[in-house]
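Structure record follows, encoded as structure tokens.
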Amino acid sequence: MASFSSLSTPYTVVRYSLVRNEHQPNSSPQSDPPKLPRREIILKSSGVATLAAIFNFGGKKPSYLGVQKNPPSLALCPATSNCVSTSEEISDYTHYAPPWNYNPKDGRGNNQPVKREEAMAELVEVIVATKLDKFIPRIVEKKDDYLRVEYESPILGLVDDVEFWFRPNSDKVEYRSAARVGSTDFDANRKRIKALRLAMEKKGWESESIF
């Protein structure tokens, strides 16, 4: 049986070739074909699709997801650059992202203040409607103060875990967005959080700072 290393070699070559070709100047006057998300470019090869089936690119749900106990917070990010979390230190430019507030001190614009249940409903509405890079959101866990969403890519089946926690006795919402596999995501998780934030701002939410 072929070893993993022997199977992974064509995967690496194909991925490098395709990402490199993405930046080649267009020599034809014809318009460029629609581009796949960068994390899915490697699917141009049927051999890579076979590897996806064998090695399960979707990955396994991490056991540490959910609200941590000491102190109460969402989990920190791993050392890899495919995760953002409000639990990180503000000095960690790779992983930190600022919390949101659904009843900011300056008000919600033309919208009235809302209770946590209403804010949760607003968040769910935006999550269902926002499909950045064609990743499909699926709400897999929902409590009064906690929401977990799995975002799955349409071809490879890559999965990102996105969590939201409504802090008790507060209007603040913490979150964490992370890829299950790999060491980089081409800023996919950070871009997703930004897209969600912009949509929530239209409903009167506010971020503690812009990143």
| note | Counting sequence-distant residues (5 or more places) and residues on other chains, those with an amide H built under 5 Å from that of Q68 are S73, L74, A75
| request: Would you mind checking the pairs K105/K194; K134/K194; K143/K172; K172/K203; K115/K172 and listing those with alpha carbons more than 18 angstrom apart? | output: K105/K194
| field | Given charges at beta-carbon only (K, R positive; D, E negative), |dipole| of segment 83-207 in Debye | value | 300
| field | Linear extension gain, L65 paired with K105, 0.36 nm per residue minus alpha-carbon span | value | 11.4 nm
| query | Counting DSSP beta bridges in segment 83-207, what percent are antiparallel, to the nearest 5? | reply | 95
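Any read-out appearing in this document is the output of simple, stated calculations on the displayed coordinates, not a laboratory observation. Keep in mind that this is a model prediction, so the values were computed, not measured. Because the Cβ atoms are built from the backbone with ideal geometry, glycine has one as well, and the counts that use them run over all protein chains shown.
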